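Peer 1: Structure provided below as structure tokens; questions to follow.
The values are calculated or read from the model by the stated rules, or taken from the named source; none is laboratory data. For clarity, every value in this text was computed on a predicted model and none was experimentally measured. Quick reminder, even Gly has a Cβ in these numbers, built from the backbone with ideal geometry, and neighbours come from all protein chains shown. Just the protein is used for accessible areas: all its heavy atoms, side chains included, with ligands, DNA and RNA removed. Shrake-Rupley method; radii C 1.70, N 1.55, O 1.52, S 1.80 Å.
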Protein chains: 2
Amino acid sequence: MELYGATGKILRINLTNGDVAVEKQNPLFYRVYMGGRNIALYYLINEVSSKVDPFDNENKIIFATSVITGTLIPGSSRFTVAAKSPLTNGYGEAEAGGWWGPELKFAGYDAVIVEGKSVNPVYIWICNDKVEIRDAAYLWGKETGEVYKAIKEELGDSKTRIVQIGPAGEKLVRFANISNELIHFAGRTGLGAVMGSKKLRALAVRGTGEVVVKNKIKIQEYAHWFAKNRLLSPCIKPLSKLGTSRYVSALSKMGILPTKNFYQGTFKGAEKISGEYLAESILKKTEGCYACPVRCKRVVEVDKPELVIESQYGGPEYESVASLGSNCGIDDIEVVCKANELCARYGMDTISTGVTISFAMECYEKGIISKEQLSGLELKFGNSDAFLKIILMIANREGIGNILAEGSYRAAKQFGSSAEKYAMTVKKQELPLHEGRGKWGVALGYAVSPTGADHLQAAHDPWFEQQGDSSKEIDFIDITDMNLFGIIEPIAATSLSPEKVRLFIHLQYLWSLHNVLDLCILVSVPESRMIKLEDLVKLVGDVTGWKTSIWDLVKAGERGITMARAFNTLSGFTSNDDILPERLHEPLPDGPLKGTYIDKKSLTDAISLYYEMMGWDIKGIPNKGKLIELGIGWINKLLSKYR
Amino acid sequence: MELYGATGKILRINLTNGDVAVEKQNPLFYRVYMGGRNIALYYLINEVSSKVDPFDNENKIIFATSVITGTLIPGSSRFTVAAKSPLTNGYGEAEAGGWWGPELKFAGYDAVIVEGKSVNPVYIWICNDKVEIRDAAYLWGKETGEVYKAIKEELGDSKTRIVQIGPAGEKLVRFANISNELIHFAGRTGLGAVMGSKKLRALAVRGTGEVVVKNKIKIQEYAHWFAKNRLLSPCIKPLSKLGTSRYVSALSKMGILPTKNFYQGTFKGAEKISGEYLAESILKKTEGCYACPVRCKRVVEVDKPELVIESQYGGPEYESVASLGSNCGIDDIEVVCKANELCARYGMDTISTGVTISFAMECYEKGIISKEQLSGLELKFGNSDAFLKIILMIANREGIGNILAEGSYRAAKQFGSSAEKYAMTVKKQELPLHEGRGKWGVALGYAVSPTGADHLQAAHDPWFEQQGDSSKEIDFIDITDMNLFGIIEPIAATSLSPEKVRLFIHLQYLWSLHNVLDLCILVSVPESRMIKLEDLVKLVGDVTGWKTSIWDLVKAGERGITMARAFNTLSGFTSNDDILPERLHEPLPDGPLKGTYIDKKSLTDAISLYYEMMGWDIKGIPNKGKLIELGIGWINKLLSKYR
């Protein structure tokens, strides 16, 4: 069996003793695991013991690509970062696009495993065969923009690609992110804090090789076709034009734009923070990722006496606009963008930052925390000044920021039991900005996601008709794609029927597949439908030479979900952790969906059914047969004592 | 949703009151069930109560086709017959090729449900919209050849296609078959006896319509391609030339040709009953099925003073050659063919006939039954004269034939406990002629098959290299096809490892799919590899207009296995019925595999694992989630009290 797509090499770097090793993996390994989350989970399950605290020496952080990363397939720019999460204490994972993943492949590696801890700050330099652990003491404490420049200058190669943490990661903010070229982020589950705990500020990569694919011409042809036809897709066009925040106004009209800590679903200021408004006001230019012509990323710039936003930090995605905007009651696009820029500067996940602050705002408005505790800040919904200040306090762990830096779940424990209901978290991770009460499949996705509430795990399909007419939303349904699974009839967004659970598992397989292949969901199924599932089968085959199929790929997605579940079981998670924040069980107070809530019994029933459909036992632990069916029977010996 | 492929009409005929009704089914019904076993099971599960005795008025017999039956796709000639089985008391099913299935579609029906019982012998005449229940009193008791001629003469249309039972079916021989044009047989599970119990001798069909397909040109192109290229397939070529008994000699050399009631795996006379020998001796011509250029059927003729074989009854398949030949110790091809012809004349399944007789032979040789009980017959292995006589005694229920007509399991109960170990049955049905000790996956297939031991349920892959070198057999493995399921590495034939069970379930899905689509396995995956799985997806899509996939089709196969399991659960079957005859747990006494046997504990473990992989509970009952995942959640309300 020959090896195409992958390099066959895994780089292992031990920060405790400085060892660097290159381990070879055989073609069958890639055939089974394919990439991204599956490769990361293979190593984490094998090597990171269930007893490990995320900040322990024994935790490992893995940067993994897939067999298609770095090819010309649009959307194949991404990479997975994974470790035991300081936020959830379970499987931590985040993906980012950009240029770093392809560069790692060009340097000759499919993944980097970083283990141990350095005593002093370091960064890793990977340049083809040359791998060095370098001093980063002089970079410690600096903002990401400064570090980015400094490393590039030090290495003297402008083509070097850098992932790094910011000061927030250094300070172990539990939702610290990892940035890539300053504008792409592996945001969720606090992986930046794992790097921080290892005193690892950055990984700089430069590669001059190429990814060897089986059928180069076919891939080139597809890339050309995609570039030529992308704007014919009704999904890609607005994405190019307005970015991911293209639907902010529409969501508010539909009553599902999370607003004021998920209290309500409509936001009066929605249009003022919309993609359209952004495009008309402070947008400077657009950016994209390796091999992708869509250019969905925004770059904003403001240069006013009272507010400066540096364009090197790009601009906000939808999740950031909603978390830092409507969800905190902020209707000023410049303030939203400044908050986004601060998160990029200091290295914090915009979702958890926004939702932790909205939690604090609600606690303040409800009198649970005082102005004194807030060092005098009037932290009300919509107070821009207090809002921007609290971001810095969190990043620097100053005052109450030191508590909020633990995330809203842990902060609520400190604020007292009356605060707990306002912490909008699942498995201690803050909800992304999709209103579960309007899309019950998304809510189910939050509840069972292995990484806690997570927009890249929730298996939802936000595509809806351009008019933004709420009655015309096609929730979760791409009629044609779902047909491939024998699912023919659309199912209401606000349903948790057995058929909805059936639909959900198939969507979840697909979403997971994207995190296995490190493929951008925005250009592919199920969201944009530009790269259809059948196309993907051909593309993966053309890259790898494998005889593959929809079955094979979708099962790789299921493999990822199941391995992540196994990791969490080993980490002590049980079915009791598959729950939603109380608020999603309370009626929406406004908008077209006023009065809608998720019934607890219905959710519990749906989760039980989900376990059964997944081949998991009643405790939510993958059964022996399922693991063997998925070709990962070796995990059984680890799980057997938990069943 | 438009309807292509299927006619959308189900014909229901009640023999008790003479009612004839045409019921319409909607396109979604076909999209979910697709055809054959799934359509039959849909009606049987819904309509035939678990309490029904197979000979009761309430049993129903269903003749079903699929959405591709009657198109130009090679191998699409088949139809499914299903009822509660008089042999197993569970789900009874058999498929046959030929011309009757397509003709039923041309007449405008996808399936015929026959219910109730007639007081007097009748046959059914279906001619497009005209459906009649006609007198068959004058046909009762006659051989199939006579009845075939008589009905054609009576109806005056030479193009009429006829399925019928023979005298054995009339006499409720529990392994009576249903013949189609005298040479194609729905052989197994005794469905001929169900027709006999209803006093239904035949169904004659004539249709002048056509099957409307979505993309006629694509199907025509494929049919032309197949016809032109079929002989390039290393599997199809010997099949055309030598028929299905092409590997008799090779199997004996490999030590897996069932011989003398499955006692041993080599047969000295193998070459004398081989496909090669048949071709050189009494072969008159070959025959084929509708739309198939392979012509794998043999037609033999003998016209000697001491032995006459009429060519209108065709000739033996592999199963018949082995069951009536090596398995009974018969090494005379003319005697084997005469026995085959007698089974066709009287309407008995050749497999169960041969294996019931081999059982009686062993009982006689072991002194369990006496010459007196045998009306003076010296029923030893290899005694041709006694062998041919006992066939007639069974067909006519004369003497000990009246006991053997109940099948070997029930006969053993009458002969006493010492006889029971010689009854080579699973779920009371006789083993087909594939030595489970040499192919442990086949053995597993026998144990868990919903219809009892059955060559069209066992999910095996008898393809091996042409040399017949036993070391080169590629058991169960079509490397390329299994790759589509992410199964890459070959697994030994004599293994019941977890990985083997994994391979087995995927093969079983495929085999079941063939019984759903009523597609001949000999021209398709996994046996001949001529119609690849990817081709099949395209062909089904071209016929129906569905957006389908490997996932969708393979899940339709799984749906069939699961529905059949549900029917059996409702009929009182439990995991205790998933066992093998004792002999397969004893060492093979000869040949290259001498000493090989199936370990009981390994089999039990494999079966438990199989249940878990199938989404069935520890009792082997499909769980709620699996049924919903397969889109057949309506069965849950029936099964809930058995779980």
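Peer 1: Which condition breaks for A:K389 when tested against (1) more than 19 Å from A:G329 (Cα to Cα); (2) not in a loop (DSSP other than H, G, I, E, B); (3) not small (G, A, S)?
Peer 2: Here A:K389 clears every test but (1).
Peer 1: Tell me which of these A:Q508 doesn't satisfy, since it passes every other one: (1) within 13 Å of chain B (Cβ to nearest Cβ); (2) open to solvent by 10 Å² or more (accessible area, probe 1.4 Å); (3) within 20 Å of the chain's Cα centre (by Cα).
Peer 2: Result: A:Q508 fails condition (2) only.
Yes/no per residue for (1) touching a residue at least 60 places away in the same chain (Cβ under 8 Å); (2) under 23 Å from A:N177 (Cα atoms); (3) not hydrophobic (A, V, I, L, M, F, W, C):
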| position | (1), (2), (3) |
| --- | --- |
| A:A21 | no, no, no |
| A:K24 | no, no, yes |
| A:L28 | no, no, no |
| A:Y33 | yes, no, yes |
| A:Y42 | yes, yes, yes |
| A:T65 | yes, yes, yes |
| A:S77 | yes, yes, yes |
| A:K84 | yes, yes, yes |
| A:G90 | yes, yes, yes |
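Peer 1: Before we move on, is A:S524 open to solvent by less than 10 Å² (accessible area, probe 1.4 Å), more than 14 Å from every other protein chain (Cβ to nearest Cβ) and more than 18 Å from A:T71 (Cα to Cα)?
Peer 2: Numbers: open to solvent by less than 10 Å² (accessible area, probe 1.4 Å): yes; more than 14 Å from every other protein chain (Cβ to nearest Cβ): yes; more than 18 Å from A:T71 (Cα to Cα): no.
Spelling it out, it is not the case that A:S524 is open to solvent by less than 10 Å² (accessible area, probe 1.4 Å), more than 14 Å from every other protein chain (Cβ to nearest Cβ) and more than 18 Å from A:T71 (Cα to Cα).
Peer 1: Among the residues of the stretch B:384-400, write down those that are open to solvent by less than 10 Å² (accessible area, probe 1.4 Å) and either closer than 16 Å to B:I351 by Cα or assigned by TED's automatic domain parsing to the domain that holds B:S85 (or both).
Peer 2: Scanning the stretch B:384-400 gives B:F387, B:I390, B:I391, B:I394, B:A395.
Peer 1: Hey, another quick one. Can you name every residue in the stretch B:587-601 that is surrounded by 15 or more Cβ atoms within 10 Å (Cβ to Cβ) and under 16 Å from B:L444 (Cα atoms)?
Peer 2: Answer for the stretch B:587-601, where residues must be surrounded by 15 or more Cβ atoms within 10 Å (Cβ to Cβ) and under 16 Å from B:L444 (Cα atoms): B:T596, B:Y597, B:I598.
Peer 1: Quick test for you: out of A:G631, A:G541, A:G620, pick the one residue that is farther than 28 Å from B:N636 by Cα, within 13 Å of chain B (Cβ to nearest Cβ), in contact with a helix residue (DSSP H, G or I) (Cβ under 8 Å, 6 or more places away or on another chain) and surrounded by fewer than 23 Cβ atoms within 10 Å (Cβ to Cβ).
Peer 2: A:G631
Peer 1: From B:L28, B:L72, B:L11, B:L15, which residue is out of contact with any Lys or Arg (no Cβ under 9 Å at 6 or more places or on another chain), open to solvent by 10 Å² or more (accessible area, probe 1.4 Å) and among the hydrophobic types (A, V, I, L, M, F, W, C)?
Peer 2: B:L28
Peer 1: Further question on the same structure: Would you check if there is a residue in the stretch B:86-94 being polar (S, T, N, Q) and either surrounded by fewer than 22 Cβ atoms within 10 Å (Cβ to Cβ) or in contact with a His (Cβ under 9 Å, 6 or more places away or on another chain) (or both)?
Peer 2: Yes: the stretch B:86-94 contains one or more residues that are polar (S, T, N, Q) and either surrounded by fewer than 22 Cβ atoms within 10 Å (Cβ to Cβ) or in contact with a His (Cβ under 9 Å, 6 or more places away or on another chain) (or both).
Peer 1: Out of curiosity, is B:L519 more than 9 Å from every other protein chain (Cβ to nearest Cβ), crowded, with 24+ Cβ neighbours inside 10 Å and in a helix (DSSP H, G or I)?
Peer 2: no
Peer 1: Just to check your reading of the model, which residue among B:W546, B:W551 is within 22 Å of A:K547 (Cα to Cα), within 13 Å of another protein chain (Cβ to nearest Cβ) and among the aromatic types (F, W, Y)?
Peer 2: B:W551
Peer 1: Can you say whether A:L570 is open to solvent by less than 50 Å² (accessible area, probe 1.4 Å), within 29 Å of B:V501 (Cβ to Cβ) and within 14 Å of chain B (Cβ to nearest Cβ), as far as the supplied structure shows?
Peer 2: Working: open to solvent by less than 50 Å² (accessible area, probe 1.4 Å): yes; within 29 Å of B:V501 (Cβ to Cβ): yes; within 14 Å of chain B (Cβ to nearest Cβ): no.
No; evaluated as a whole, the condition is false for this residue.
Peer 1: Which members of the stretch A:429-438 meet the condition of being open to solvent by less than 10 Å² (accessible area, probe 1.4 Å) and not polar (S, T, N, Q)?
Peer 2: A:E430, A:L431, A:P432, A:L433, A:E435, A:G436, A:R437, A:G438
Peer 1: For the stretch A:483-502, which residues satisfy the criterion of being more than 9 Å from chain B (Cβ to nearest Cβ) and in contact (Cβ under 8 Å) with a residue 40 or more places away in the chain?
Peer 2: Residues of the stretch A:483-502 that are more than 9 Å from chain B (Cβ to nearest Cβ), as a first pass: A:490-497, A:500.
Once the filter is applied, which keeps residues that are more than 9 Å from chain B (Cβ to nearest Cβ) and in contact (Cβ under 8 Å) with a residue 40 or more places away in the chain, the stretch A:483-502 yields A:A493, A:T494, A:S495, A:L496, A:K500.
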